[in-house]
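All remarks here apply to the structure that follows.
The values are calculated or read from the model by the stated rules, or taken from the named source; none is laboratory data. Remember, it's a predicted structure, so these values are computed and weren't measured experimentally. Backbone-built Cβ (ideal geometry, glycine too); neighbour counts: all protein chains shown.
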Amino acid sequence: MAENKSTRIPELQSIELTSTTALKRYTEEARRLSRDFGTELEMAALEIEAILAATGQGNIALMGMDVKWRARRIAQRAHRAADLQRGVSVEMVRLWHDFQIQFAPLLQNHKDPKKTFDFDN
């Protein structure tokens with residue numbers, strides 16, 4: 001029986017989201033991982049297309065342009081997955097940018113307010 005292993009990504013799991021710098025590190029690491037995964041999927045798509053197109057050589061049932069079209073169609077799924085991974089990378093950048101707009105000014109102003117001139121005294 002298989003052990004119950006964690007399905008979380010260790011690089012992201014180790015970052016505790018307790019501060020602004022931790023959130024920044026988390027978004028940067030998630031972006032890096034998604035870009036790496038997208039690149040891997042893109043390379044796999046090219047390999048899949050080349051291998052499937054090459055299977056048509058020597059096989060009478062798979063000869064002709066039809067094989068290249070079929071191979072391209074199958075590899076298109078991996079290309080789409082790579083595009084979606086690049087989308088994850090873009091969303092991580094947007095997450096950090098939106099955080100800076102929406103919350104960072106509020107957190108900076110959370111410090112003790114500066115004393116102003118007292119006109120009554």
Pairs under 7 Å by beta carbon, first residue at pLDDT 65 or above in the stretch 48-74, partner among the acidic types (Asp, Glu) and assigned to a helix (DSSP H, G or I), six or more apart or different chains?
ALA71/GLU49; ARG72/GLU49
How do the pairs read when you match residues in the stretch 90-119 that are within 19 Å of ARG32 (Cβ to Cβ) with residues anywhere that are at pLDDT 65 or above, using Cβ under 6 Å and keeping only pairs 6 or more apart or on different chains?
MET92/THR27; MET92/ALA30; MET92/ARG31; LEU95/THR27; TRP96/THR27
Here is a check on your reading of the model: is ARG8 surrounded by 11 or more Cβ atoms within 10 Å (Cβ to Cβ) and either of a type in the set (D, E, K, R) or modelled with pLDDT of 95 or more (or both)?
no
